[in-house]
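Report on the following structure.
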Amino acid sequence: MKRWIRCAGVLLSAGGLLATAACGGSSGKQSDGKVTVTLMTWESAATNKAIDQALTGFHDPNITVKRVDTPNGNYSDKLAALTQAKKLPDLFWCGNDTEQQYTSQGLLTDWASRLSGSSDFGASSFVSSTMKNWKTADGKIGGVPSLLNTYGIWYDIDAFKAAGITVPAAGWTWDQMFDAAAKLHAKGAKYGLVADALTSTDGPFSLSTYALSAGGKPFADNVHQPTRTTIDATYTEGVSKVVAGIKSGAIAPPGYDISNQQGLFAAGQIPMLWSGQWFAAGFLTDKPKIKYGFAPLPQVTKPATLYDAVGICTPSYTQNADATFKVLKYLDSTVWTKVLPDSPVAAPAYLSAQNAYFGALDKAGQTTVAATVKAGLNTPTTIGVRFTTQWASQSNDLITAYWPDILNGKKPLSDLQTMTDKINDVIKNNS
Amino acid sequence: MTAAPHQETRTAVPPVDRPPGRGSPGRLGLPWRRSPKRSSDTLAAYVFLAPALIGFTAFVVYPLFRSAYFALTTYNGLTDPKFVGLDNFHRMFTTDPSFWPSVRATLLLVVLYVPLSLAIGLALAVFCNQRMRGVGLLRTLCYLPVVLPVVATITLWKFVFNPQVGLANQVLKWFHLPTSEWLSGDDSAMPSIVIVMLWSVGSTMIIFLAALQAVPTELYEAARLDGAGPRTVFFRITLPLISPIMILQVVLQMVTALQAFNQPKILSPDNQGGPGFSTRTLMLSIYDNGFPKLGQVSQFGYASAQVWVLFLVIVVVIAATARFSSIWTYSDHVS
């Protein structure tokens, strides 16, 4: 029996040791004095491989870069778990919202002083709007923007020709878009336009581009530190047009499953799709059978577009800030120039790296994509895609409670005001 | 259906044959003090129990008390919890626009799923309980969906229910029937999820099948001799005799429905219980608040409060089922 007890004890000890080993740290100084900088991305296996390949070009005898293998699905869960365990890697992919929230909680390293000045990696070497958006109210910059998303309309050229409609181009209007959606629907498409950006919880922000373009007020005065949300006459006008489009079947209603929308577009099942430039990279490998193009978002009187950027953040407890910043600089300035030619997923925020992206698009014949992305980056009137605040999920629930029903015609347009009043209460309670 | 507790009369506790020199405590009691072997066995028992006890304490008892504390705090996982008393519960019942729709979605799931799973499971079990060729294969086929990987199966159903290119609408078109928006429609989303859950009705069937096979055949023979038809036999003999298993199934299926997560999480178009709140069950709501989309901050305190509400609902439902089950459950036990 004693032998049994001893065996059980050994097994328990072994289990404990294994558990302890599994919780080991991820970065730090090695015994030989070299510093290891850890990195975590949300990219696909193919892009991670390209990043690894590009990182082999990073030469510093005292720094080793180690990418933490992470499945690109459920990145948010992984990030939340590592944040709570205070085990975040030295560099991790983050959205503008995460950067703002974590910085305000003091969880990220503030790079503001390193980005100041006119060095080759200063704030002025990035697209100006991104640096402005990544700075918190108290002037901290908890991460460095890396890639910029541009939103526009993907269109099926053959479907437009068949319906006798001119293909979209810069300067086209919202009314032209709604009209095209109706004609495409009448021609046999299940929906003429699929625009999850308008019908999901991001919808109120996306529709702000209508109001802004018409000279009205956006839904939120600021997505980072909002003081209030507003619904004015131009905004209501825009919503009423979307409601009419959904009612007629020209626009896909709220709840439309977008998980396969890229494939459906490539298969000619969706003639017009509101989405981002990142489809271009997939189309280069998947080669859709349809002829397609990418146009800027429509306008009323002047261009207005959505702002959305992702970046790279560093936890406040990083042990090697200098080494981490060196790797960060290499990632933003050099890695994208090596990765984007093969997979032009988005324009880099670092200006000098943008040639690699646009060069890849030009080489692949994606001229409309390149033109639309450039137009988007140069549009002065922008609105963030969603709130980046800590209480954003509460406002999202309120939007979910009203927005889909308003668009489906189940609730009157006057409920837009009720929705904004309640969101303003949330803002007030959390300010 | 009332109980019929008079089949056999059991007397008090049967005499137990105690092994000489081991079980009898004698006058002084505490025999282990006098038996080194017994002492060693007891110690070994505790050692073998230890992993389970440690696991239970670490993964059930501790989180239970911890979540009760978090339920009274605002806690986002980034900063220390801040005690707010019953504010989370106040928000839940008064201002949260998603809570009552979540309750409604959960109740709708219970109302649709539980009766259907019991009816279909029982029907399949009765069918598979017959003596016929290929019945073994039939039982295997009915049970097969239960052993398939759940997430893969649910993901396949998502493709089946795609309104534009999915198999479900294609089949409806072949028969010239109107198509559906399935998971994308406010009204059709939850019934679609119930269909996917019923895909695994084999687990219900297999328990019913075991219950049916435990019914003494002489009762059927006696009933037939008395001239009872199949319907009478089923409702007067089969159903009463499997009623204890029916109660078990009701409880199991209700708990399954109240805790439904995988199906709404994977199948809803936004993976958050959409369209709107139509498929946001309480479990999914808890998860969404605890582990929100990338870029949103966790609300562990609020999610913990929701956990306790769901926990209490489940306890009340099971307690009520157990309390009232004796009214219509057959039992051969003498109270």
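Rule-based calculations on the coordinates, nothing more; no lab input. Note that the coordinates shown come from a computational prediction; the quantities given were computed from them, not determined experimentally. So basically every Cβ, Gly included, is an ideal-geometry build from the backbone, and we count neighbours across all protein chains shown.
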*Lys/Arg Cβ at +1, Asp/Glu Cβ at -1, dipole of the protein assembly as shown taken about the Cα centre: which of B:49, A:234, A:392 is farthest positive-ward?*
B:49
_Alpha-carbon Rg with Dmax, taken over the range B:195-335, Å_ = 21.0, 72
*For the range B:129-219, which trypsin sites (Lys or Arg not before Pro) are both in a DSSP coil and crowded by at most 10 other Cβ atoms within 10 Å?*
B:131, B:133
_Using only DSSP helix segments of four residues or longer, with each worth -39500 (n - 2.57), what per-residue ellipticity at 222 nm results for the protein assembly as shown after dividing by its residue count and rounding to 500?_
-15000 deg cm²/dmol
*Net charge dipole size for chain A [Lys, Arg +1 and Asp, Glu -1 on Cβ; Debye, nearest 20]*: 800
*What would the Debye formula give as log10 I(q)/I(0) at q = 0.12, 0.14, 0.15 Å⁻¹ for the alpha-carbon point model of the range B:125-227, no solvent?*
-0.60, -0.73, -0.78
*asked:* Just to confirm my numbers, what's the Cα centroid distance between the range B:187-234 and the range B:91-167 in Å?
replied: 17
*asked:* Please compute one quarter of the surface area of the Cα convex hull for the range A:362-431 and express it in square nanometres.
replied: 7.5
*Pop a pseudo-label 7 angstrom from the Cα along the beta-carbon direction at both residue A:414 and residue B:220 and give the gap in nm to one decimal.*
6.7
*asked:* Let me confirm one metric for peptide A:401-408, namely the mean number of other chain beta-carbon atoms within 10 Å of its residues' beta-carbons.
replied: 3
*What chymotrypsin sites (Phe, Trp or Tyr not before Pro) does the range B:221-321 have in DSSP loop regions with at most 14 other beta carbons within 10 Å?*
B:261
_log₁₀ of I(q)/I(0) at q = 0.17, 0.18 Å⁻¹ - the range B:98-291, Debye sum with one point per alpha carbon_ = -1.10, -1.17
*Considering only B:108, B:283, B:70, whose Cα is most displaced toward the positive end of the charge dipole of chain B, charges sitting on Cβ of Lys, Arg (+1) and Asp, Glu (-1)?*
B:70
*What per residue convex hull volume, in Å³, do the alpha-carbon atoms of chain B yield?*
250
*What is the mean number of Cβ atoms from other protein chains located within 10 Å of the Cβ atom of each residue in peptide A:249-260, rounded to a whole number?*
6
*Convex hull over the alpha-carbon atoms of the range A:80-178: what's its volume per residue in Å³?*
183
*asked:* Give me the dipole magnitude in Debye, nearest 20, for the range B:98-291 about the Cα centre, with unit charges on the beta carbon: positive for Lys and Arg, negative for Asp and Glu.
replied: 360
*asked:* Under 10 Å, Cα contacts only: if you run a Gaussian network model on chain A, which one of A:182, A:80, A:281 comes out with the highest mean-square fluctuation?
replied: A:80
*Using bins 20 angstrom wide from zero, how does P(r) for the protein assembly as shown break down, in % of all Cα pairs?*
13, 40, 32, 13, 3, 0
*What is the packing order of peptides B:166-172, A:84-90, A:269-275, taking the mean over residues of other C-beta atoms within 10 Å and listing the highest first?*
A:269-275, A:84-90, B:166-172
_Coarse-grained scattering of chain A at q = 0.13 Å⁻¹, given as base-10 log I(q)/I(0) from a Debye sum over alpha-carbon atoms_ = -1.18
*Percent antiparallel among DSSP beta bridges with both residues in the protein assembly as shown, to the nearest 5?*
70
*Could you work out which residue, out of A:130, A:367, A:150, moves most in a Gaussian network model of chain A, that is, has the largest mean-square fluctuation with Cα springs under 10 Å?*
A:367
*Suppose every K and R has +1 on its Cβ and every D and E has -1 on its Cβ; what is the size of the dipole of chain B about the Cα centre, in Debye to the nearest 20?*
1040
*asked:* Given the C-alpha atoms of the range B:37-177, compute the convex hull and give its volume per residue in Å³.
replied: 302
_For the range A:182-235 versus the range B:271-314, the gap between their alpha-carbon centres in whole angstrom_ = 27
*Can you pull the mean other chain C-beta count within 10 Å for peptide A:388-397?*
6
*Of the options B:128, B:268, B:118, report the single residue whose Cα projects farthest towards the positive end of the charge dipole of the range B:98-291 (beta-carbon charges: Lys, Arg +1; Asp, Glu -1).*
B:128
*Residue of B:74, B:95, B:281 that the Gaussian network model of chain B assigns the largest fluctuation, springs spanning Cα pairs under 10 Å*: B:95
